[in-house]
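Read-outs throughout are calculated quantities, based only on the coordinates presented, and are distinct from any laboratory measurement. Keep in mind the model is a prediction, meaning the values are calculated, not measured. Positions of Cβ are backbone-derived with ideal geometry, glycine not excepted, and every protein chain shown enters the neighbour counts.
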Amino acid sequence: MIGNRKGLSRDGGFTFIEVTLTIVIVSIMVLGLTIILLAFREHLDRSWSVRVMDQYGNDVIERLTHELRNAVDVSIRSGIGNTHEINISYLEPNYLDRTYLIRWRADLRNCQITVNNDAVDPAFPPRKLSKGESFEILQFTLSKYGEITPDIEEHIDASLRNEMFLNATYDIRFKLRYNRDTLSPGQNDWSFEKSYSNRVYLRNMNLPIRRQLEAD
């Protein structure tokens, strides 16, 4: 009877090897699940940041395009890096013989496009970035049609256009980069660049009132 009890006790329990193997298998499963969750979180963070950057880039292009269409004149000065300071003139609503000026420029330090020193979007870049995350402005330029373009056909087409068209047609180019530097050894840094552009015709540039302002 005593021998049988010992046999039953040994068959119904776990040996040290079985317990060790169970711990190892569970640990591997937990580690694998943790790696998957971290990779998924990394993907979500990258996707969210790229969407935020994309929204900002499109907003800047759309607003600048709208303002240029209503301008009577524009002047361009070189800024820091590959950027321009864009000064846009508008007619005073109550005085057609007067103009007022709005200045667009790139604030590279804060990664913002400003209008008269006010940010186009104060919420960009996001304030709560993780360690290693950053945004950069790589380009913010305004140039006449056909001047800065890799397309040879555009150069040829621009040479055939009349002066009035060329003086009123501009290309906006805006380029942003999102950086995600790794904080763990053995991993690679990641970055994403995207360019935003549009062509705009200053419809008020060749109006009679515009020529009258030049004469005055």
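Could you list Ser143, Ser159 so that the one with the fewest beta carbons within 10 Å of its beta carbon is first and the one with the most is last?
Ser159, Ser143
Whole angstrom only: what separates the Cα centroid of the range 92-144 from the Cα centroid of the range 27-80?
Between the Cα centres of the range 92-144 and the range 27-80 lies a distance of 15 Å.
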